[in-house]
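Everything below concerns the one structure shown next.
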Amino acid sequence: MERNPYLPIPVEVVKITTEVDTKDIKTFRLAFTKKEDEENFKYMPGQFAELSLYGKGESPIGIASSPTQKGYLEFTVQRAGVVTQALHSMEEGTPMGVRGPLGNYWPIDYLEGKNVVIVGGGFAFTTLRSLLNYMLYEENRARFGDITVVYGARSPGLLIYKDELTEWAKRKDLNLNVTVDKGDAGWKGREGFVPTVCKEIAPSSENAVTVICGPPIMIRFTLPVFFELGFSKENIYTSLEMRMKCGIGKCGRCNVGNKYVCKDGPVFSLAELDKLTKEY
Amino acid sequence: MEKRIIKKENLAGLVKKLAAERTVYAPVMEGDNVVYAALENGKEPLLEYGNTKDAPKNLFFPQAETLLRFLRTKRGMELKEDETGKAKEVVLFGVRPCDARSFVLLDSLFDQENWKDPYYIERRSKTTVISKGCVQPPYTTCFCTSVGGHPLSTEGADVLLTDLGDAYLAEFLTPKGEKLLEKWGDLPKADDAAEAKKKDLLAKAESEIKSKIPGKEIKTWLDANFEHPFWDTIHKSCLACGTCTYLCPTCHCFDITDEMKKEDGKRVRSWDSCMYWLFTQETSGHNPRTSQKQRWRQRLMHKFKYFVDNFDAIACVGCGRCVMYCPVNIDIRKIVTDISKL
């Protein structure tokens with residue numbers, strides 16, 4: 001029989017980055033304890049894993065690193081419940097576990113040869129960052145057309161991946177648009193809500209796909225903008241979150257209609273979501 | 001398939017013979033209830049009973065089970081032991097055909113291609129199931145024939161016993177079942193008369209199931225009516241106690257929690273229920289199912305639509321436990337029947 005899917009893979013926290021001013025969002029870099037586990041952990045952008053803290057429990061979190069980044073996994077986690085609070089109090093060098101990769105992933109094959117618009121809000125930029133770094137990877141970049149990113153947060157201090165945002169801004173093969181609801185004294189960038197910015201830059205729907213993640217309110221106001229631009233529901237993708245335990249479609253709590261977000265999702269096109277019940 | 005005859009007075013002895021070399025779980029009286037329990041040395045199984053109060057899924061999918069053990073060390077928490085690989089060969093005796101059929105339904109979920117559950121699969125593969133057919137269905141609440149079952153169904157059984165009146169016809173249906181025959185030694189082969197009697201009983205037992213509900217017939221309505229005023233009418237008296245899901249042979253939802261005792265810890269899987277608000281409560285405060293209406297709809301949809309979509313079978317075997325034990329008399333048969341009239 002294959003590996004026990006309930007058995008966490010041993011990893012070690014090797015780097016912790018505090019992402020935001022409020023200090024409640026951190027990125028954890030985890031390195032595999034065993035070389036063979038690293039080789040067997042084959043994932044794609046958009047997948048997630050159960051972060052496993054013995055004695056506390058598990059929490060399902062999207063993988064924020066890209067499979068092109070070898071030797072480690074990264075997860076950006078907000079301090080919220082029992083497991084994530086324990087995680088936030090951990091130090092570098094601490095052993096923990098990971099179960100995964102779980103779920104499906106962003107439609108990489110479908111995105112090939114197309115222009116890709118990435119829209120993210122708040123700290124829901126984690127698996128989008130994975131996708132972006134995957135597409136920007138030297139050997140992959142030519143497989144995709146124009147890449148446009150709209151990323152917004154409430155304030156400058158709440159933007160995550162600040163160093164990368166600076167690096168991405170220098171690239172000529174990427175149209176990066178970072179915005180904040182309201183800037184501060186030091187902010188020289190754009191101000192405005194994500195839907196408004198999307199409307200202003202008006203990416204063409206010609207041979208293009210939008211991938212969107214963010215708070216429900218942002219998604220609600222952004223989708224009409226993309227419909228107006230001519231994007232069909234087949235060409236807009238998002239990722240769902242639900243309470244989960246097993247991650248393999250058994251424990252029964254993350255279903256939307258007959259689909260389990262943990263194994264049939266988390267990535268769905270709007271066309272697919274239309275066929276499901278609105279219970280999420 | 002081997003078909004043999006077991007004299008009525010010999011059945012208890014044959015079960016005891018098995019119990020001498022491995023654990024046999026069988027119906028026994030516990031207080032006022034018939035429940036499954038391990039037959040301790042020399043103890044005889046109950047042979048006359050309606051059905052057990054608890055569903056036998058507990059054998060493969062225990063109400064609480066340890067998945068992993070871990071230890072607090074100087075370095076932090078470390079894995080000590082994976083609990084797989086410890087299941088022993090057991091016999092499950094006296095399972096009613098509705099309950100035996102629930103194993104087939106649970107198999108389709110826990111032994112699903114690409115998403116296999118090793119704990120369940122291991123116990124299931126090491127268990128030999130001896131079913132006892134319902135020549136006379138035990139309760140008026142029995143409705144197995146409406147959801148794909150039959151009172152003398154062989155589904156999920158390794159051996160099926162059918163009461164022919166003066167003796168049992170024993171059908172050894174699988175290689176696992178035939179292994180029991182080796183232990184039992186010479187049992188007389190079933191003759192044509194016994195076979196003819198069984199054939200008569202098949203029709204008779206089926207006709208004895210008087211409670212009928214629409215089964216797959218309501219799926220078309222469910223497909224189209226996630227939003228419908230009818231859903232506002234079914235949950236009002238529900239106490240959200242979860243009894244229906246705990247006694248259900250096919251309900252399989254579970255929670256996973258960690259427990260610590262000094263330096264020793266374990267990760268435990270335990271039954272959970274879609275009837276509880278906490279089941280889907282997210283840390284953010286968001287809950288996709290905030291009302292008992294939504295939870296009842298989920299329970300019914302899961303059994304009569306989602307499971308049918310995913311595994312082409314209704315996730316209900318018609319045992320009637322939820323009907324018998326609901327403290328406020330909510331009757332799933334009535335709900336389903338009402339839906340068929342909408």
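The values are calculated or read from the model by the stated rules, or taken from the named source; none is laboratory data. Model, not experiment: these values are computed from the prediction. FYI the Cβ positions are ideal-geometry reconstructions off the backbone, even for glycines, and counts take in every protein chain you see.
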Item to complete: Evaluate the stretch A:208-225: report whether one residue or more is more than 19 Å from A:PHE125 (Cα to Cα), modelled with pLDDT of 95 or more and outside any helix (DSSP H, G or I).
Response: yes
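Let's see how each residue does on (1) modelled with pLDDT of 95 or more; (2) of a type in the set (Gly, Ala, Ser); (3) out of contact with any Asp or Glu (no Cβ under 7 Å at 6 or more places or on another chain):
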| site | (1), (2), (3) |
| --- | --- |
| B:ASP107 | yes, no, yes |
| B:SER125 | yes, yes, yes |
| B:THR145 | yes, no, no |
| B:TYR168 | yes, no, yes |
| B:GLU195 | no, no, yes |
Discussion item. I'm checking my understanding of the structure. Among residues of the stretch A:79-98 that are surrounded by 21 or more Cβ atoms within 10 Å (Cβ to Cβ) and more than 8 Å from every other protein chain (Cβ to nearest Cβ), which one is farthest from A:GLU50 (Cα to Cα)?
Written reply: A:LEU87
Fill in: Options A:CYS246, A:CYS262: the member that is touching a Gly at 6+ places or on another chain (Cβ under 7 Å), of a type outside the set (D, E, K, R) and part of a loop (DSSP other than H, G, I, E, B)
A:CYS262
Worksheet entry | Restricting the stretch B:209-234 to residues that are surrounded by 16 or more Cβ atoms within 10 Å (Cβ to Cβ) and of a type in the set (A, V, I, L, M), the residue that is nearest to A:THR277 (Cα to Cα) | B:LEU222
Worksheet entry | Of the criteria (1) among the hydroxyl-bearing types (Ser, Thr, Tyr); (2) more than 25 Å from B:THR23 (Cβ to Cβ); (3) modelled with pLDDT under 95, which one B:SER153 fails | (3)
Worksheet item: For the stretch B:127-241, which helices (runs of 4 or more DSSP H) that fit wholly inside it have 3 or more residues that are among the small types (Gly, Ala, Ser)?
Response: B:192-208
Practice prompt. Identify, from the list A:ALA64, A:ALA124, the residue that is within 15 Å of the chain's Cα centre (by Cα), within 14 Å of chain B (Cβ to nearest Cβ), buried (at least 19 other Cβ atoms within 10 Å of the Cβ) and not in a strand (DSSP E or B).
Written response: A:ALA124
Worksheet item: When the residues of the stretch B:277-303 are filtered to those that are part of a loop (DSSP other than H, G, I, E, B) and buried (at least 19 other Cβ atoms within 10 Å of the Cβ), which remaining residue is nearest to the chain's Cα centre (by Cα)?
Response: B:ARG289
